[in-house]
Amino acid sequence: MPGPDNCQKHKNSPVAGRRRGCHAKYMSACKKISAFVCAHGEALRYLVFGVLTTLLNMALYALFQALFGYEAANSWGNVLDNLLCILFAYATNRRFVFASRTRGRAAVREFFRFVACRLGTMALDALVMVAGGNWLAAPGQALVLALLGRWLDGGAALALWGLGVKAFSNLLVIVLNYLFSKLLIFRRPAGREQD
């Protein structure tokens, strides 16, 4: 069934003209978005899967904190959630972000480079969590209570401080992991097109 723009009777009406103008603006915006995605596809995909990995990391942290307590979540629980997130990140980065096609020994080397870099950023994350989450827990809790004490009790303030430290740590880790992945792990062979 023909739409209003295709109908001969209404083709030259003012309403049809406005619709064509909106369609042209919509198509222009779509072309700009498409060009941006094409130009920055790899970074955007890394951002999407980085956010998913971060959400998984934060969810595991919150789960471990609820199951095992605050200090456990900031120590061995943090290490365990990082190990699980490393496996998730490798699978998604290899397949969806950098489209790695390595096989055999080259794939094994790629995996070990990835794990080594991620273990390094995991060590940074552990240091930030112990320092910021445990050593600075009392002043952090006091700060959160000073800002939000009207709405939070001491336990909730401590938990919120821990999540804030975790978010800060994740920001540092995401930036470093992208740089390591781009420059050291998933290097493209010469002659292979960039996204």
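No lab work stands behind these numbers, since they all come straight from the coordinates. Because the structure is predicted, anything quoted here is derived from the model rather than measured. Don't worry about glycine lacking a Cβ; one is built from the backbone with ideal geometry, like all the others, and counts go over all protein chains shown.
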Practice item. Could you please report the charge total around VAL173, scoring K, R as +1 and D, E as -1 over all other residues with beta-carbon less than 13 angstrom from its beta-carbon? Key: 0
Practice item. May I ask you to evaluate 6.51 cos²θ - 1.76 cosθ + 1.60, the Karplus curve with θ = phi - 60°, for each residue of the range 24-38 and list the ³J(HN,Hα) values in order in whole Hz, giving x for glycine and proline? Key: 5, 5, 4, 5, 5, 5, 4, 5, 5, 5, 4, 5, 5, 5, 5
Point to revise | Distance between modelled label sites at ARG95 and LEU179, nm, 7 Å Cα→Cβ extension | key: 2.9
Practice item. Please work out, to two decimal places, the log10 of the ratio I(q)/I(0) at q = 0.21 Å⁻¹ from a Debye calculation in which every Cα of the range 41-185 carries one identical scatterer. Key: -1.21
